[in-house]
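In what follows, a structure is listed as structure tokens, so that the remarks can point back to it.
The values are calculated or read from the model by the stated rules, or taken from the named source; none is laboratory data. For clarity, every value in this text was computed on a predicted model and none was experimentally measured. FYI the Cβ positions are ideal-geometry reconstructions off the backbone, even for glycines, and counts take in every protein chain you see. Calculation scope for accessible area: heavy atoms of the full protein, side chains included, ligands and nucleic acids excluded. Shrake-Rupley method; radii C 1.70, N 1.55, O 1.52, S 1.80 Å.
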Amino acid sequence: MPTLPIGTQTPGSDRKDSARRDIATAIHPYTNLKLHEAEGPLVISEGQGVFVRDQDGKTYLEGLAGLWCVSLGFSERRLAEAAYRQMLRLPAYHTFAHKAHEVGIELAEKLLSMAPVPMSKVFFVNSGSEANDTAVKLVWYYNNALGRPRKKKIISRAKAYHGVTVASASLTGLPNNHRDFDLPIANIFHVEGPHYYRYGLAGESEEAYASRLADSLEQRILKEGPDTVAAMIAEPIIGAGGVLFPPATYWDKIQAVLRKYDVMLIADEVICGFCRTGNMWGSTTCGMQPDMITCAKALSSGYMPIAALMISEPIYDALVAQSEKIGIFSHGFTYSGHPVTSAVALETLKIYEERDILSHVRAVAPRMQAGLRRFADHPLVGEVRGTGLIGAIELVADKTTKASFDPAQGVGAFLNKRAHQHGLILRALGDSIAFCPPLIISEAEIDLMLDRFALALEDTFKMVQERGLVNNASVPALAK
Ligand SMILES: Cc1ncc(COP(=O)(O)O)c(C=O)c1O
């Protein structure tokens with residue numbers, strides 16, 4: 001068990017008291033609010049390296065880096081000091097109406113210099129959702145600037161995750177993000193998301209599956225009318241929708257269709273950006289050449305809320321023309337390019353470079369990927385997928401037919417809870433269990449993460465057997 005610094009809990013705070021006050025006051029994102037009233041929160045009080053500790057002093061390995069973001073772990077002093085220094089120098093300022101500050105300028109230069117394909121300018125925002133919302137608005141603004149008022153539709157994909165603001169939630173391809181929120185808005189539609197294991201046909205190769213998806217995209221563009229379709233947005237690797245990887249040749253074929261109909265590509269690098277996939281960018285890993293890129297999360301190691309949208313030169317040129325015509329580019333958030341968030345992001349990018357975090361990821365990733373794949377033969381495991389330091393294990397009720405559990409049975413959620421008990425925080429995306437640890441994780445910590453997962457998996461296997469949820473016919477030896 002790692003040593004964490006002595007806690008600095010509020011005197012007198014205890015679990016029951018915190019739970020009562022939390023339930024009385026807070027609405028939690030992505031939470032069953034009724035269940036929360038009964039169960040209350042897990043109060044995390046402090047962190048060190050890849051570990052966090054709860055209010056009772058129990059330590060957890062953070063296998064999802066918080067929400068896919070705490071790349072440098074939970075105790076990087078340089079980030080705290082960068083924030084403090086900037087707080088003392090210029091704690092707040094804005095970038096509206098020709099204002100700038102040195103740290104924002106330096107961050108923009110740095111980020112553009114790192115882009116996977118040439119990018120011209122960067123616009124800072126506070127969250128991935130705002131970055132994607134801004135991308136949507138700029139697609140519309142751009143096409144108005146070019147005198148193409150009909151070319152406005154944006155293609156997203158089933159299972160995509162792009163955030164929760166009105167346009168970003170519309171881009172997100174998960175039913176619960178639309179249901180009863182009266183979404184999606186007009187001009188956004190979804191095509192199939194790629195997942196060969198689930199949707200590849202019997203006897204169909206990955207390449208043939210990719211061709212089928214590209215054909216189907218082309219048919220949809222033709223049906224909508226190519227003069228109405230402006231852009232496609234995509235995560236290089238779908239994250240919150242289940243950690244889903246494009247099949248071989250997918251991006252080559254999809255991009256050929258997009259180019260044919262003059263449809264721009266927006267890469268949502270909010271999870272994949274900054275070394276996660278074993279390259280600096282997921283676009284490089286997947287062979288994407290985007291016209292716009294959004295990034296967030298590991299941009300500041302999650303220490304500060306900052307995100308960015310990078311755009312190519314032709315798009316920037318159109319914005320300039322349009323803002324000249326209108327007299328102003330009327331978009332921006334009070335905290336766009338905030339000096340403190342910018343200082344922390346800049347320090348984060350410097351650390352990636354100085355410590356060569358990318359080489360570290362490449363060195364330890366095989367340990368995680370091989371370790372995950374050791375579960376492939378387990379009777380509950382349908383598919384193991386991953387690259388770099390991101391992966392998922394999909395649980396199934398029947399390994400042979402790939403039948404999923406009924407979502408109401410909450411098998412993934414059960415495993416997640418058992419993992420907590422074994423000192424591991426992961427994320428259950430339905431019955432796909434996601435792994436996305438801090439990038440600084442060591443091989444020994446990877447082993448610990450997988451050992452703890454193995455315990456949770458065994459508990460879950462026992463539970464599904466006891467409740468008769470698994471198809472025992474397909475697990476003859478182990479079921480006995
Ligand atoms: C790929 C992707 N895009 C966008 C977002 C939205 O970011 P935020 O929660 O900062 O608004 C997320 C969040 O998880 C994400 O994973």
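Taking the criterion of being closer than 11 Å to I293 by Cβ and within 11 Å of the ligand (Cβ to nearest atom), the residues of the stretch 254-281 that qualify are I266, A267, D268, E269, V270, C272, G273.
Quick one: which of E445, E383 is among the charged types (D, E, K, R) and outside any helix (DSSP H, G or I)? Step through it out loud before you land on a result.
Working: E445 fails: outside any helix (DSSP H, G or I).
Of E445, E383, the one residue that is among the charged types (D, E, K, R) and outside any helix (DSSP H, G or I) is E383.
Consider the stretch 352-380. How many of its residues are assigned to a helix (DSSP H, G or I) and either in contact (Cβ under 8 Å) with a residue 60 or more places away in the chain or closer than 18 Å to Y197 by Cβ (or both)? Count: 14. Please enumerate the residues belonging to the stretch 229-254 that are open to solvent by 10 Å² or more (accessible area, probe 1.4 Å) and either among the β-branched types (V, I, T) or more than 19 Å from the chain's Cα centre (by Cα) (or both). Once the filter is applied, which keeps residues that are open to solvent by 10 Å² or more (accessible area, probe 1.4 Å) and either among the β-branched types (V, I, T) or more than 19 Å from the chain's Cα centre (by Cα) (or both), the stretch 229-254 yields A248, T249, D252, K253.
Filtering the stretch 282-307 to residues that are open to solvent by 10 Å² or more (accessible area, probe 1.4 Å), of a type in the set (S, T, N, Q) and either more than 14 Å from I237 (Cα to Cα) or within 12 Å of the ligand (Cβ to nearest atom) (or both) leaves only Q289. Do we have S168 as over 19 Å from M292 (Cβ atoms) and either aromatic (F, W, Y) or part of a helix (DSSP H, G or I) (or both) here? For S168, the condition - over 19 Å from M292 (Cβ atoms) and either aromatic (F, W, Y) or part of a helix (DSSP H, G or I) (or both) - is not met. Out of all the residues in the stretch 123-131, is one or more open to solvent by less than 40 Å² (accessible area, probe 1.4 Å), within 16 Å of the ligand (Cβ to nearest atom), in a helix (DSSP H, G or I) and β-branched (V, I, T)? No: zero hits.
When the stretch 161-186 is limited to residues that are more than 8 Å from the ligand (Cβ to nearest atom), in contact (Cβ under 8 Å) with a residue 40 or more places away in the chain and touching a strand residue (DSSP E or B) at 6+ places or on another chain (Cβ under 7 Å), the one that is farthest from G242 (Cα to Cα) turns out to be L171.
Let me confirm something: among V344, V320, which residue is at pLDDT 95 or above and surrounded by 18 or more Cβ atoms within 10 Å (Cβ to Cβ)?
Values: V320 fails: surrounded by 18 or more Cβ atoms within 10 Å (Cβ to Cβ).
Exactly one residue qualifies, and that residue is V344.
Residues that are under 19 Å from the mean Cα position of the chain (by Cα) and assigned to a helix (DSSP H, G or I) do not occur anywhere in the stretch 314-333.
Among the residues making up the stretch 171-199, a single one is in a loop (DSSP other than H, G, I, E, B), of a type in the set (S, T, N, Q) and open to solvent by less than 30 Å² (accessible area, probe 1.4 Å): T172.
Residues being in contact with a helix residue (DSSP H, G or I) (Cβ under 6 Å, 6 or more places away or on another chain) and either within 16 Å of the ligand (Cβ to nearest atom) or over 20 Å from H101 (Cβ atoms) (or both): count how many of those fall in the stretch 309-336. Result for the stretch 309-336: 5.
Looking at the structure I just gave you, is I154 over 26 Å from F245 (Cβ atoms) and either within 16 Å of the ligand (Cβ to nearest atom) or not in a loop (DSSP other than H, G, I, E, B) (or both)? For I154, the condition - over 26 Å from F245 (Cβ atoms) and either within 16 Å of the ligand (Cβ to nearest atom) or not in a loop (DSSP other than H, G, I, E, B) (or both) - is not met.
Does the stretch 464-477 include one or more residues that are open to solvent by less than 10 Å² (accessible area, probe 1.4 Å), within 28 Å of E235 (Cα to Cα), of a type in the set (A, V, I, L, M) and touching a residue at least 40 places away in the same chain (Cβ under 8 Å)? Taking every residue of the stretch 464-477 in turn, none turns out to be open to solvent by less than 10 Å² (accessible area, probe 1.4 Å), within 28 Å of E235 (Cα to Cα), of a type in the set (A, V, I, L, M) and touching a residue at least 40 places away in the same chain (Cβ under 8 Å).
Within the stretch 57-72, the residues that satisfy the criterion of being under 15 Å from L424 (Cα atoms) and touching a Ser or Thr at 6+ places or on another chain (Cβ under 9 Å) are G57, A65.
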